[in-house]
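Participant: My questions will all concern the structure given below.
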Amino acid sequence: MLDYKKESIYGIAVYSFTTDNNIYYQVTFEEDLDPRSGRFKVDLQNLNGGSELAVDHNVKHTVCECIKDYITEFPDREIYYEIDLTHKRNISKLKKFLHWATSHKNYSCKVEVTTGSSEDGEIIYAEVLIKKKKTTT
């Protein structure tokens, strides 16, 4: 895992880290456009401008730690991750994310898939919803 810096910028939780390959990433948790939903969108941004500059396996572990830290700090919030399934490479990303999310017994995980069409063809995307399970005493 890589070291990360955590801060709040205009109400958005921001986790920043740099890989061994000098790629700067941010993981953000931002309230949904509909605040009544109580959901927060998690997003990963490569701030160097590319999508696949260099493979660094520590990114996955660091992102997972950021998610766990956020859920621990805000246990009543539901977070979601959106992914476009129109591109086949994103299907494997979804599988990896689901494998991580479902392997933790303290979290509930649900997937919602939406399909549609546009001038460019079919649109398929998924929302993965994660929430900390309530503990009973």
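The values are calculated or read from the model by the stated rules, or taken from the named source; none is laboratory data. Bear in mind the structure is a predicted one, so any value in this text is a computation, not a measurement. Please note: Cβ atoms are built from the backbone with ideal geometry, for glycine as well, and neighbour counts cover all protein chains shown. Calculation scope for accessible area: heavy atoms of the full protein, side chains included, ligands and nucleic acids excluded. Shrake-Rupley method; radii C 1.70, N 1.55, O 1.52, S 1.80 Å.
Participant: Does Tyr15 fit the bill of being in a strand (DSSP E or B) and at pLDDT below 95?
Facilitator: Considered against the rule, which asks whether it is in a strand (DSSP E or B) and at pLDDT below 95, Tyr15 comes out as no.
Participant: Say we look at segment 53-67 and pick out the residues that are at pLDDT below 90 and within 21 Å of Ala126 (Cα to Cα); which of these is most open to solvent (accessible area, probe 1.4 Å)?
Facilitator: Within segment 53-67, the match that is most open to solvent (accessible area, probe 1.4 Å) is Lys60.
Participant: Sort out which residues of segment 111-137 are hydroxyl-bearing (Ser, Thr, Tyr), part of a strand (DSSP E or B) and either at pLDDT below 85 or under 15 Å from Ile67 (Cα atoms) (or both), and write them in order of number.
Facilitator: Answer for segment 111-137, where residues must be hydroxyl-bearing (Ser, Thr, Tyr), part of a strand (DSSP E or B) and either at pLDDT below 85 or under 15 Å from Ile67 (Cα atoms) (or both): just Ser118.
Participant: Moving on. How many residues does segment 14-31 contain that are touching a residue at least 40 places away in the same chain (Cβ under 8 Å) and open to solvent by 20 Å² or more (accessible area, probe 1.4 Å)?
Facilitator: Adding up the residues that qualify gives 0.
Participant: Next question. Is there a residue being out of contact with any His (no Cβ under 9 Å at 6 or more places or on another chain), closer than 20 Å to Ser8 by Cα and free of Cβ contacts under 8 Å to residues at least 60 places away in the same chain anywhere in segment 86-107?
Facilitator: no
Participant: Check off (1) open to solvent by less than 30 Å² (accessible area, probe 1.4 Å); (2) under 21 Å from Gly11 (Cα atoms); (3) not basic (Lys, Arg) for Ala126 and give me the number that stays unchecked.
Facilitator: Condition not satisfied by Ala126: (2).
Participant: Are any residues in segment 72-110 loosely packed, with under 15 Cβ neighbours inside 10 Å and assigned to a strand (DSSP E or B), and if so, which ones?
Facilitator: Glu82, Asp84, Lys110
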